[in-house]
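For reference, the structure discussed in these notes is given below.
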Amino acid sequence: MSCNRRIRVVSLARRAFRREGAPHRIARACLKQALAFLVLSAWMPGADLVWLRTGAHLAAARAECAAGGGVCVLHLDGGRIELPASAIEKIEPLPAAPRQPAQEGPALPAPSPAAPADPRELVTEAALRHGLPPELVHAVAQAESGYRQRAVSPKGAVGVMQLMPSTAAMLGADPGDLRQNIDAGARFLRELLLRYQGTPNPVRRALAAYNAGPAAVDRYNGPPPYRETLNYVERVIERYWRLAGGPRRATPGP
């Protein structure tokens, strides 16, 4: 996704949450990203652990930061993410594995399989990759499955982001694959936020559509009067505020 597209989605989320009573720091920081031509002058070889100011963290193969504290580029497995330096709390180099001297004799046993990916870290990566506030995507993942990869709903929704097979097929994703499931869920949430841009309560409509489907939201011209959906929307927004450190109210205003 281009920077302009990323800025548009974050800006939408920022304006919508501001109307609903919760400002967001990441949107302001992403807007600054489009205002400068960057010369990356400092880079750290090897794996780095990047801590965000929201408390989330993710591992990057390499982190490159502009001189003067402008923008940092995080090189991840299969892509890269550009973040304002102000969104990053600190970057810690991960220790490299010690080099083993060459040995003759019997072959060494095969290394143990890599540890499974952390769903929370993948949620943060997907949110940043698609220009969404990480707190919002984390709130959805928690409400949908509690980050459980093998969660299956009675209606057949699958995985961390609880994708219906038809929705996953529309997004070209395998819902049983952890990375694809989380990435497709973030993309779907972004599309819903853009779909309801300019309508009353766009974030509530997008969350209701994620839970009950866009057809139900369009039929009722807003969140449908389903108890499950209404409770879901309130639960996600309340968790977003807790993660973002904003005001806490039982029923956010429009």
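The values are calculated or read from the model by the stated rules, or taken from the named source; none is laboratory data. Computed from a predicted model, the values in this text were never measured in an experiment. FYI the Cβ positions are ideal-geometry reconstructions off the backbone, even for glycines, and counts take in every protein chain you see.
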Residue among 167, 124 that alone is among the hydroxyl-bearing types (Ser, Thr, Tyr) and under 20 Å from residue 74 (Cα atoms): 124
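Yes/no per residue for (1) at pLDDT below 70; (2) in a strand (DSSP E or B); (3) over 29 Å from residue 139 (Cα atoms):
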site	(1), (2), (3)
55	no, no, no
72	no, yes, no
80	no, yes, no
83	no, yes, no
89	no, yes, no
96	yes, no, yes
103	yes, no, yes
111	yes, no, yes
116	no, no, no
Tally of residues being part of a loop (DSSP other than H, G, I, E, B), among the aliphatic types (A, V, I, L, M) and at pLDDT below 50 across the stretch 32-53: 5
Flag for residue 142 being farther than 21 Å from residue 229 by Cβ and among the polar types (S, T, N, Q): no
Verdict on residue 121 being within 29 Å of residue 57 (Cα to Cα), in a helix (DSSP H, G or I) and charged (D, E, K, R): yes
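Here's the yes/no breakdown for (1) over 14 Å from the mean Cα position of the chain (by Cα); (2) in contact (Cβ under 8 Å) with a residue 12 or more places away in the chain:
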{"position": "185", "(1), (2)": "no, yes"}
{"position": "188", "(1), (2)": "no, yes"}
{"position": "195", "(1), (2)": "yes, yes"}
{"position": "205", "(1), (2)": "yes, yes"}
{"position": "209", "(1), (2)": "yes, yes"}
{"position": "214", "(1), (2)": "yes, yes"}
{"position": "217", "(1), (2)": "yes, yes"}
{"position": "220", "(1), (2)": "yes, no"}
